[in-house]
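Below is one structure, written out as structure tokens; comments come after it.
The values are calculated or read from the model by the stated rules, or taken from the named source; none is laboratory data. Small disclaimer: the values here were computed from a predicted structure and weren't measured. Neighbour counts are summed over all protein chains in view; Cβ atoms, including those assigned to glycine, are modelled from backbone coordinates with ideal geometry. Remember, those area values only see protein heavy atoms, side chains included, never the ligands or the DNA or RNA. Shrake-Rupley method; radii C 1.70, N 1.55, O 1.52, S 1.80 Å.
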Amino acid sequence: MGFLIENFGAIFFFLVAALTVAGAVGVVTLRNPVHAALALLETFVMVAILFILRHAEFLAAVQVLVYAGGIMVLYLFVIMLVKVKDLRAEDAFLLNIAPLAVLGGVLLGALLAAGILLGTMAAGDGAVAALQTIGDETVGNTEAVGWLLFTKFLVPFEVVSVVLLVAMIGAIVFGRRDAALSGPGEGVEP
Amino acid sequence: MWVDLIVIGVKLAFGLVVLLTTVPIMVWVERRGSALIQDRLGPNRVGPLGLFQPIVDVVKLLAKEVITPAGVRPLLYILAPAIAVIVALSTFIAIPIGKDSGLELFGHAVNGFIVAPDLNIGLLYVFAIASFGVYPLLLAGWSSDNKYALLGGVRASAQAISYEIAMIIAIVGVLMSSGTLRLQQIVDAQSGVWMGFLPHWNVFSQPIGALIFMVAVFAETNRLPFDLPEADAELVAGYHTEYSSIRFAAFYMSEYLHMTVAASLVTVLFLGGWNLPWIDIPFEGWAGALLSMGVFGIKVATLLWFFVWVRWTLPRFRYDQLMALGWKVMVPLAVLNFLWVGVAMALGYM
């Protein structure tokens, strides 16, 4: 009992981390697209809890708001519009590219691991405190993230905004091309 | 330590009782109100003015057989109504319902009439949890193995996404003018007068934002004129077509819980919480706390009546009208409100 109370934080972390990974595994192994999407939702929520464990409440709230409340609802909308069937066993093509996919996954994993390792070695444990402070003053996570975004990371932030805008305009162009081809009065207006 | 837990427990129990009590009252108000608007009598046989009708309704729903149709996906089918109630209840814990002037309970600070007082992301928390509100509809629609239910679920998802954007842009104005995510401080920022004569409520300083938020709230709570996921004229009962007995009751209950939470949120964000117009009451002591809760309650009750009033007055939108209104009118207007607040703050009006 004493052991449980002393290490409660660590136990909770490993539980949440295990559930995160379990959700991610579920996304790729579950046969039913809706179930896979729900597994992804579970992963998002667990990542939000990991953020809270690091006292990054703002990131956690935004994670849930954007990914669970927005993106996953859109995914489910699309999945439910197409006729949902459980996937059949992979055909020969998928089986042939499986080794390449595994190789790609391993490479990506190695890159990510190296990035995280180097990143934490460079930043040390202070990176966590940086999520709560502006200069030397301790403020909330919201203020600290806002401050960092509009000072140190202003240029990357704006670049990302422009990239997203380009993607959005691209989506609109693609969406409207078919409408324009089919002539006025068909598909242009909703 | 233990006193902490007891105080939180008392607050939780209080919030739960208040929130759950509004459900039967609102069912009664809705049925009698609709009768009033349509020049009928409404339920008037059970108890004085039909006041005990909701109790009879609940007994009827509980006593009915729980039917699980063949072909449903059992886990999601059973989870969906449970999630609906959980989401509706857990949004309420971040909403302050009264003024705390340093009161003590069992020799321990009450710390505000809010279950989670130290939540520095209060508003974001509410919206993050509330954004789960569409999942029960989606899951119920999909797991029911019924084409009407599925259509209701698909509609719910598209509608929730479309109106959430306008809603969140509309509250950015409130965040800018009050400079905090804590709902208690947002209420405090709305005391006093604005421009010399108007109450300093956000509904006066940001009328467009308040209007957009109110309309979006109707859409997010799936109330008429935005009840497309249910649309009983075309989809039988929409997403809950295949639900009966206690599971249907859970959906029914969550609708009214969502309404109460939404009305509280509108009160906090735009109607000045417990602040009275022009009169500056310090709300000292327990009497003051009760008075502030009373003021808050009156505002919420008025808004809830507004919900009922609108439902029985307006017809349902067509689906394309709903989407056109959401994207072509609400979002641009919400951005306009956002610009207005920025300009007004830069010029020192706010």
Report summary line: Between chains B and A, the summed loss of accessible surface on complex formation, probed at 1.4 Å and reported to the nearest 100 square angstrom, is 2200 Å²
Query raised in the report: What chymotrypsin sites (Phe, Trp or Tyr not before Pro) does the stretch B:228-323 have in DSSP loop regions with at most 13 other beta carbons within 10 Å?
Result: B:W278
Query raised in the report: Out of the stretch B:312-350, which trypsin sites (Lys or Arg not before Pro) are coil in DSSP terms and have no more than 16 other C-beta atoms within 10 Å?
Result: B:R318
Query raised in the report: What are the ³J(HN,Hα) values, in whole Hz, obtained from phi via the Karplus relation 6.51 cos²θ - 1.76 cosθ + 1.60 with θ = phi - 60°, for each residue of the stretch A:25-30 in sequence order, with x given for Gly and Pro?
Result: 5, x, 4, 8, 9, 5
Requested in this report: Could you count how many Lys pairs in the protein assembly as shown have their Cα atoms under 18 Å apart, skipping same-chain pairs fewer than 8 positions apart?
Outcome: 4
**Report entry** the stretch B:2-346 - Rg and Dmax from Cα coordinates, angstrom
**Finding:** 20.6, 65
Query raised in the report: How many angstrom separate the Cα center of the stretch B:134-154 from the Cα center of the stretch A:26-52?
Result: 20 Å
Query raised in the report: Within 10 Å of each Cβ of A:69-76, how many other protein chain Cβ atoms are there on average?
Result: 6
Requested in this report: When a/c is below 1.5 the answer is rounded, else prolate if a/b is larger than b/c, else oblate, so apply that to the stretch A:1-42 with a ≥ b ≥ c taken from the square roots of the Cα gyration tensor eigenvalues.
Outcome: prolate
Requested in this report: Assign one of three labels to the stretch B:208-350, namely rounded, prolate or oblate, based on the Cα gyration tensor with a ≥ b ≥ c the square roots of its eigenvalues; rounded applies when a/c is under 1.5, prolate when it is not and a/b is larger than b/c, and oblate otherwise.
Outcome: oblate
Query raised in the report: Put simply, what bits of the stretch A:46-66 lose 40 Å² or more of accessible area when the other protein chains are there, versus the chain on its own (1.4 Å probe)?
Result: A:E57, A:A61, A:V64, A:L65
Report summary line: Here the membrane-span-like helices of chain B, with no claim about any membrane, defined by DSSP H, Cα axial extent at least 24 Å and mean Kyte-Doolittle at least 0.0, are B:2-37, B:74-91, B:147-178, B:245-270, B:285-311
Requested in this report: Take the alpha carbon atoms of the protein assembly as shown, find their radius of gyration, then divide it by 2.2 N^0.38 Å using N residues; give the quotient.
Outcome: 1.05
**Report entry** Sequence-separation-based contact order of chain B, relative, with Cα cut under 8 Å and 6+ spacing, percent
**Finding:** 24 percent
Report task. Using a Gaussian network model of chain B whose springs link C-alpha atoms within less than 10 Å, name the residue from B:N275, B:N222, B:N146 with the highest mean-square fluctuation. Result -> B:N146
Query - Whole-angstrom gap from the stretch A:159-176 to the stretch B:279-321, using each part's C-alpha centre - result: 41 Å
Requested in this report: Taking the Cα centre of the protein assembly as shown as origin, work out the dipole magnitude from +1 charges on Lys and Arg Cβ and -1 charges on Asp and Glu Cβ, in debye rounded to 20.
Outcome: 1160 debye
Report summary line: Ranked output for segments A:159-165, B:206-212 by mean other Cβ atoms within 10 Å, highest leading, reads B:206-212, A:159-165
Query - Mean ellipticity per residue at 222 nm, deg cm²/dmol - from DSSP H runs of n ≥ 4 across the protein assembly as shown, formula -39500 (n - 2.57) - result: -22000 deg cm²/dmol
Query raised in the report: Longest exposed-loop-site-free stretch of chain B, with GluC sites (Glu not before Pro), DSSP loop and at most 14 other Cβ within 10 Å?
Result: B:66-233
Query raised in the report: Under a GNM of chain B (C-alpha, springs under 10 Å), which listed residue has the highest mean-square fluctuation: B:V58, B:V110, B:V308?
Result: B:V58
Query raised in the report: In the stretch B:2-346, what percent of the accessible surface is made up of carbon and sulfur (1.4 Å probe, ligands and nucleic acids excluded)?
Result: 72 percent
